[in-house]
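Written out below as structure tokens is the structure these notes cover.
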Amino acid sequence: MKLLFIIGDAAVGKMTVGQELMKITDLRLFHNHMTIEPVLEVFGQWNGKAIQEMRDVIFKNFAASDNYGMIYTIMWAFDEPEDLAFVEHIKGIFEPYGTEFYYVELIAPQEIRLKRNASENRLKHKPSKRDIEVSNRRLIEDDKNHRCVSFEGEITFDNYLRIDNSEKEPDEVARLIKDTFHL
């Protein structure tokens with residue numbers, strides 16, 4: 001089993017790269033909004049407990065399956081210790097199954113991410129982002145309040161790759177990931 005975390009700031013392209021990577025590998029994509037959106041729809045508001053419980057059910061069942069592996073996307077605030085704890089929690093679910101872990105950090109400047117925030121693919125898969133004005137404000141506020149780009153050398157995990165995908169197409173980034181990690 002393989003578990004590849006795609007980490008990065010809001011609208012950096014995590015889901016889109018994951019979609020492209022899924023096309024060229026046997027990895028399955030589980031992007032973070034696959035649990036956020038249904039919970040928002042049912043509850044009418046954010047419910048972190050429900051989102052986490054849904055994710056855990058998927059992680060536990062996937063880890064115990066005979067699937068090749070999973071791509072999981074996450075916006076990781078490096079200034080929030082609980083975000084590292086969350087990654088370790090996920091790893092703890094997969095470790096008993098001999099899982100190999102991989103980490104890809106995507107980075108791009110805010111002006112590029114604001115453009116991507118309104119992309120057709122993003123809005124198709126993330127209904128909560130369809131109010132572009134609100135979504136852009138949230139992205140800008142998140143940038144002010146959190147550090148979602150690692151410092152050089154901060155991530156010390158084996159199998160880590162940092163990619164500035166500002167000028168790269170998602171399929172190019174996916175191919176780079178596949179080739180680097182031999183997926």
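Throughout, read-outs are computed from the coordinates displayed, never taken from laboratory work. What you see is a predicted model; the values in this text were computed from it and never measured. As a convention, Cβ positions derive from the backbone with ideal geometry for all residues, glycine included, and neighbour counts pool all protein chains shown.
Please indicate, with yes or no, whether at least one residue in segment 115-122 is in a strand (DSSP E or B), charged (D, E, K, R) and surrounded by 17 or more Cβ atoms within 10 Å (Cβ to Cβ). No; the residues of segment 115-122 include none that is in a strand (DSSP E or B), charged (D, E, K, R) and surrounded by 17 or more Cβ atoms within 10 Å (Cβ to Cβ).
Tally up the residues in segment 123-147 that are under 15 Å from Leu40 (Cβ atoms) and surrounded by fewer than 17 Cβ atoms within 10 Å (Cβ to Cβ), please. Show your work before the answer.
Step one: of segment 123-147, the residues under 15 Å from Leu40 (Cβ atoms) are 123, 125-131, 134-135, 138.
Next cut, surrounded by fewer than 17 Cβ atoms within 10 Å (Cβ to Cβ) only: 123, 125, 127-128, 130-131, 134, 138.
Going through segment 123-147 one residue at a time, the tally reaches 8.
Identify, please: which residue in segment 33-58 is surrounded by 12 or more Cβ atoms within 10 Å (Cβ to Cβ) and in contact (Cβ under 8 Å) with a residue 60 or more places away in the chain and is, among those, nearest to Lys178 (Cα to Cα)? Filtering segment 33-58 for residues that are surrounded by 12 or more Cβ atoms within 10 Å (Cβ to Cβ) and in contact (Cβ under 8 Å) with a residue 60 or more places away in the chain, the one nearest to Lys178 (Cα to Cα) comes out as His33. For segment 59-87, what are the residues that are free of Cβ contacts under 8 Å to residues at least 40 places away in the same chain, surrounded by 14 or more Cβ atoms within 10 Å (Cβ to Cβ) and either closer than 15 Å to Phe30 by Cβ or in contact with an Asp or Glu (Cβ under 6 Å, 6 or more places away or on another chain) (or both)? Those that are free of Cβ contacts under 8 Å to residues at least 40 places away in the same chain, surrounded by 14 or more Cβ atoms within 10 Å (Cβ to Cβ) and either closer than 15 Å to Phe30 by Cβ or in contact with an Asp or Glu (Cβ under 6 Å, 6 or more places away or on another chain) (or both): Phe59, Phe62, Phe86. Number of residues in segment 1-18 that are surrounded by fewer than 19 Cβ atoms within 10 Å (Cβ to Cβ) and not aliphatic (A, V, I, L, M) equals 0. May I ask you to verify whether Phe30 is closer than 22 Å to His182 by Cβ, free of Cβ contacts under 8 Å to residues at least 60 places away in the same chain and surrounded by 15 or more Cβ atoms within 10 Å (Cβ to Cβ)? The answer is yes for Phe30. Return the residue satisfying two criteria in turn: it lies in segment 93-109 and is surrounded by fewer than 15 Cβ atoms within 10 Å (Cβ to Cβ) and within 18 Å of the chain's Cα centre (by Cα), and of such residues it is nearest to Ile177 (Cα to Cα). Ranking the candidates gives Glu100 first. Scanning segment 88-114 for residues being in contact (Cβ under 8 Å) with a residue 24 or more places away in the chain, under 12 Å from Phe5 (Cβ atoms) and assigned to a helix (DSSP H, G or I) gives a total of 3.
For Ala77, the stated conditions hold: it is farther than 17 Å from Lys126 by Cα and under 17 Å from the mean Cα position of the chain (by Cα).
Being outside any strand (DSSP E or B), without any contact (Cβ under 8 Å) to a residue 40 or more places away in the chain, over 20 Å from Leu27 (Cβ atoms) and in contact with a Lys or Arg (Cβ under 8 Å, 6 or more places away or on another chain): is that true of Leu139 here? Break it down into steps so the answer makes sense when it comes.
Numbers: outside any strand (DSSP E or B): yes; without any contact (Cβ under 8 Å) to a residue 40 or more places away in the chain: no; over 20 Å from Leu27 (Cβ atoms): yes; in contact with a Lys or Arg (Cβ under 8 Å, 6 or more places away or on another chain): yes.
Criteria not met by Leu139.
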